[in-house]
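The structure appears right after this line, and notes come after that.
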Amino acid sequence: MSNSTRKIKLTLSESHGKNWLNELSLNIKSINSDSIHLNCKGLKLTCKDIKYIKSLFLKEKINLLSIESTNAESIVSASALGIQTFLKLKEEADNYAEESATISEREQIKSKIFFHQGTLRSGEILEVDHDVLILGDVNPGAIVIAGGNVKIWGRLLGIAHAGKDGDSHAKITALQLRPVQLRISDKIARGPSEKPDEGFAEEAKIEKGIIVIKPARTN
Amino acid sequence: MKSVTSDTRVILICSGKGGVGKTTLTANLGISLASKGSPTAVLDADFGLRNLDLLLGLENRIVYTAQEVLEEKCRLDQALVKHKQEPNLSLLPAGNPRMLEWLKPEDMKRIVEMLSNEFEYVLIDCPAGVEDGFKNAVAASKEAIIVTNPEISAVRDADRVIGLLNSNGVKPIQLVLNRVRPKMMESQEMLSIEDVTDILALPLLGLVLEDEQVIVSTNRGEPLTLIGSQSPAARCYSNIASRLQGEEIPLIDPSKEGSGLRDKLRRLMQTKIF
Ligand SMILES: Nc1ncnc2c1ncn2[C@@H]1O[C@H](COP(=O)(O)OP(=O)(O)OP(=O)(O)O)[C@@H](O)[C@H]1O
Ligand SMILES: [Mg+2]
């Protein structure tokens, strides 16, 4: 009989660089299970990192079942490697006691953010009540509408509306912000006409009553 | 009914926007595939504005149509019009426009199943738009070729259609960019190939150059590929057919097809492949 699965946590602050690796290597021997759900909290892990973690586990004959994180990049990296992922909102992650979490609680948290895999094409409309994370582009002619934040792991070339029910703190983030139109709460802005610098994520939010676009905070 | 397990390639040729060159591509590709040895059927699914028969010069030889086949008033082989000069190619003509009122996706599937028993390729000339005619045609197709022009509105409509094809499980979907003018692309008066593939994110099956001969041949009812024309578009169509059959023929970037003296010299020295 195999042991039941357990979760382990990595609780390193980002300032400590790759310390999580040490912690993982130390803890890995004491894991008494043949499969594992990994919670990486806010850590930003690249595909390479996750591949490495996976290989560490494999060496101990432990199967990496899923990865849970508050960091969208880690989620993207993990899902790119075909690992099941759970993205959590930061506030919720802090509030929720990992040890006592049951599957159903986790399902709930997962459902607060809507995940869309793939590009939204012209004529497609995606509307959700909470946050939305899109892994793909939002093409011209497509519309994404969210009660909370809109996060796009790709290019925003169509229309995005964050905070549709009046949340003026909602933000729109994308790897490339070149929308036809942006809406946050009840504010509307036309997209910028000049092309943004490639390679920097950008974020749109309301400041002093108008929508502004800035390089996204890196956290 | 027997279950269909044939490897017939049923390819929908569609665009969303009208007038971008679907019917012209269907006719030329049909002739080209047939002349390369593949028994091919072209099916006119544009019941509203049928004109595939015209382009193939077969209008006067139509006796029965898909309609009579479905109503079991004739057999499939009676309705199929075999091309005289290219007997590997047959056309199944569209019925009258009123067919649109009762035709169901199942009907379209039935027709395509019948054709699949006889042919290696079934090309479906799709109507413009995304309404019933389009939906019927999609239901019967396995894969698709999206035809578009380097124009924003055509690309936008193509994108919409790709979304619909994706949600209907049609794949692979490949792209043909029609009416390419190297000079206008070079001077950035026209969307570039990258502009188009960047948005649509599809593999490029081929480019077709803007070519007056297309219009001439349309009026004669003789597709360019039938008369062995060496005009630019004819070679493009033939290359697309070869790529469909799995041959690897490289694409050339028309931005390198400038009109300067050096370009002209270089062009003399290399054969262009589109
Ligand atoms: N490469 C080309 N060069 C020049 N003219 C072209 C080219 N391709 C198509 N055309 C012309 O464009 C017109 C429209 O072509 P076609 O009928 O094939 O489009 P379609 O997409 O089938 O249109 P519809 O949506 O109405 O069915 C025709 O007059 C045709 O001759
Ligand atoms: Mg047509």
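The values are calculated or read from the model by the stated rules, or taken from the named source; none is laboratory data. Treat the numbers as computed from the prediction; the structure is a model and nothing was measured. Positions of Cβ are backbone-derived with ideal geometry, glycine not excepted, and every protein chain shown enters the neighbour counts. Accessible surface is based on the protein model in full, side chains and every heavy atom, while ligands, DNA and RNA are left aside. Shrake-Rupley method; radii C 1.70, N 1.55, O 1.52, S 1.80 Å.
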Whole-number accessible area per residue in Å² for chain B, which is evaluated in the context of all protein chains at 1.4 Å: 46 Å²
Estimated vicinal HN-Hα couplings, Hz - the stretch B:118-129 in sequence order (Karplus 6.51, -1.76, 1.60; Gly, Pro = x): 10, 10, 7, 10, 10, 9, 10, 7, 8, x, 5, x
Chain B, helix-only ellipticity at 222 nm - DSSP H runs n ≥ 4, -39,500 (n - 2.57), divided by all residues, nearest 500: -11000 deg cm²/dmol
Filtered chymotrypsin sites (Phe, Trp or Tyr not before Pro), the stretch A:111-201: DSSP coil and at most 14 other beta carbons within 10 Å: A:200
For residue B:42, distant residues with modelled amide H under 5 Å away: B:90, B:91, B:92, B:123
Per residue value of the accessible surface for the stretch A:113-215 (all protein chains in place, 1.4 Å probe), Å²: 48 Å²
Candidates B:33, B:103, B:165: whichever shows maximal mean-square fluctuation once chain B is modelled as a Gaussian network with Cα springs under 10 Å: B:103
Isolated Cys residues of chain B, judged by Cβ distance under 4.7 Å to other cysteines: B:74, B:236
1.4 Å probe, heavy atoms, protein only - residues of the stretch B:160-179 losing at least 30 Å² accessible area vs chain alone: B:160, B:163
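Take the solvent-accessible surface of the protein heavy atoms, probe 1.4 Å, and return the percent of it on the stretch A:113-215 that carbon and sulfur atoms account for. Don't skip to the end; give the middle numbers.
Details: 2480 of 4890 Å².
Carbon and sulfur together cover 51 percent of it.
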Helix runs (DSSP H) in chain B reaching 18 Å along axis by Cα, Kyte-Doolittle at least -1.0: B:22-35, B:152-167, B:232-244
Under-5 Å amide H pairs with residue B:180, H placed in peptide plane, nonlocal only: B:208, B:209, B:210
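Share of chain B's accessible area from carbon and sulfur, percent, 1.4 Å? Write out the running numbers ahead of the final one.
On the way: 6180 of 12710 Å².
On chain B, the fraction of accessible area on carbon and sulfur atoms equals 49 percent.
Rounded to the nearest 100 Å², what's the accessible area chains A and B bury against each other, both chains counted, probe 1.4 Å?
Values: alone 12060 and 13110 Å², together 24330 Å².
Looking at A and B, the buried total is near 800 Å².
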FRET E, pair residue B:194, residue A:117, Förster distance 30 Å, beta-carbon r, rounded to 0.05: 0.75
Alpha carbon convex hull of the stretch A:113-215, projected area averaged over orientations, nm²: 5.5 nm²
